[in-house]
Every structure is written in structure tokens, then in C-alpha cells.
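Enquirer: Dropping a structure here in C-alpha cells format, bear with me for questions.
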Amino acid sequence: MSETSAEKGRSDGNTSKHRWKILRNAILKKQCQHTDPVKSVSVRRFASFGLLSTKSIPTESSIDGQWVEYSCPQFSQFCISVRHLSTSFSAGELIGFNNTGNVCVWPSEEVLAFHCMNNADYFRNKTVCEVGGGMTCLAGLSVAVCSNAAEVLLTDGNQTSAKNIQEIIARNKSKFGESVVTARELKWNQRELFEDLGGHFDCVISADCLFFDQFRQDLVDTFDVLLKPKGEAIIFAPCRGNTLDQFCVLAKTKFEVDVESRYDGSIWRKHQDMLTEGKEVYDENIHYPVRITLKRR
């Protein structure tokens, strides 16, 4: 049975409240515990599809954050050191742009990273950009480590995240082979600051960046600016009420849009198993990422 407009409105409102609660907890220093980096925000309930393994590096923690080793049991090539930022944030650091990526790694980013590893040949010799990658840009890093891409640019709209990504790149540069890997701050609503990247990328990837009403059109326009004439964007995001549908409506003005729910057998089986746990543990509306592919018309 489809949702009514009122039900969708309530769902969107609940999503916004849920995100704000996470940011508020970060400001109050009440949420992240580094004993399990992937599951560091308890209010998220479901935190991971179990695709990646993590191990804290206890000798390398500081006031800035904790270094964590990420690996993937199915792809031995992927083993990198990532810095999770400290849980001590000011309101100014978190509010104003898509900054929940500064708080934790979300399931959509985990799934996108796994997807990129599983389809590494697709990225071979291509120019690739991740937008809205948060404090880790795990998906872009998986491309850099596993695919022999020509170039990988890792971006986020938050200055703290962008600086952290630069530190992560420096730490892992020996693992990128001949791929040129860089990072920069990129705000979707400030096009004049990234026009130098116009038409530069074969592929743009993104995870869970569709939920902010005020930036949705800017995100579509950013894909349009960054992609080559035959380039495409690969996006993973949950439905979150009707926010994904709203994005697709906007994207269809410039791209062919393909939406697929069953894109990987192992993830689909995990999804089906989690559905039996009930919405208090796992709600597919906010936890299960679908794959959206944008191709120029």
C-alpha cells in the first residue's frame, strides 16, 4: 500500500528530527565510542551491513581523532587506515551543510564502497570524483585502492572533513598505485568555486546525500557540471520518505535515471534478514540504500 502525502510528510519530518538528534548528540559529546567505529552512533539503530571490518589502532589516537584500519574480507587488496574525527564538535562545525558525515560512517557509504570494489574494472583508467564523502570518503578510497583509476578526487562540503580526507590520503598514498588521488572542499551551492572541474569526470559517486531539501537541486547541478558528456553518476541512498523520489524528479530534467533495489545478492539477503527484526531495529526506508544511476540524455 502506498503512503499518503500526509504519511510521507511525517516520515520526512521524522528523518530530519533523527538527523538533528545525531548532530545534537555530537555537539554534546554523548554519542561516539571508538570501541566499534562502524557502530559508533547508537541512535542509528542499524549501523552496518557487515561488509567491512574495522580495527582501532590504539597507539594512534589524539585530540583530533582515532585512526582505524578498514578492510574487506572479500577483497584483500582493500586495507587502509582512516581517521575518525573526534566526537568533540562545536555547533558551527556541524551546522550549515551536509555535516552528518563528520559524525560517523553511514550504511550507504559502506555499501557504495563495497560496490566500487566489486566493480573495480568499471573504474579502470577513469577519472572519478566522490561528492559528499564525509570525513572518510570510503567509497572513493576503495576506487583509489582497488581499480587502477586514472584519477580520484575526494570531496566534501565541510572544511573539517576535507582536511581529514587529505590526512587520510597522505597516510595511504603508497596503496594507490599509479592513480592520482587528491581531496578538496566542494560545496554544491557554490558552483563558481568548482567550475575548473567542469566536464572533467567519467564517473561521479555519492552516498546518502539526497535528504536536504535546500541542496537537492544544487546536487543535481553539481553532477551536471562535473560529468563529461558521456559520464555517469552512481548514487546509493535510502528512500527517506519521498526525498529520493524528489531527487529523481529533478535529475530527470538533465539525465536518464535508473533506480534499482536488488543490485547485489549478498546485500539483498542481509536486507531481507534484517526486515524480520522489525522497524525498531531496521527500517528499510532509512537504512536500505537503493542504487540510482544517472546518464546524460
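Enquirer: In the stretch 190-209, how many are among the polar types (S, T, N, Q) and more than 18 Å from the chain's Cα centre (by Cα)?
Expert: Residues in the stretch 190-209 being among the polar types (S, T, N, Q) and more than 18 Å from the chain's Cα centre (by Cα): 1 in total.
Enquirer: Only one of (1) in a strand (DSSP E or B); (2) more than 22 Å from Gly133 (Cα to Cα); (3) of a type in the set (Ser, Thr, Tyr) fails for Thr293. Which number is that?
Expert: Exception for Thr293: condition (2).
Enquirer: Would you point out which residue out of Ile168, Ile235 is within 22 Å of Ser48 (Cα to Cα), in a strand (DSSP E or B) and under 18 Å from the mean Cα position of the chain (by Cα)?
Expert: Ile235
Enquirer: Continuing with this model, one more query. Name the single residue that is farthest from the chain's Cα centre (by Cα) among those in the stretch 238-263 being farther than 24 Å from Gly198 by Cβ and in a helix (DSSP H, G or I).
Expert: If we take residues in the stretch 238-263 being farther than 24 Å from Gly198 by Cβ and in a helix (DSSP H, G or I), then Val249 is farthest from the chain's Cα centre (by Cα).
Enquirer: Across the stretch 113-146, which residue is farthest from the chain's Cα centre (by Cα) among those that are buried (at least 24 other Cβ atoms within 10 Å of the Cβ) and polar (S, T, N, Q)?
Expert: The residue in question is Ser142.
Values in this text are rule-based calculations from the coordinates and carry no lab data. Please read these numbers as outputs of a predicted model, since none were measured by experiment. Cβ: placed from backbone, ideal geometry, glycine included. Neighbour counts: every protein chain shown.
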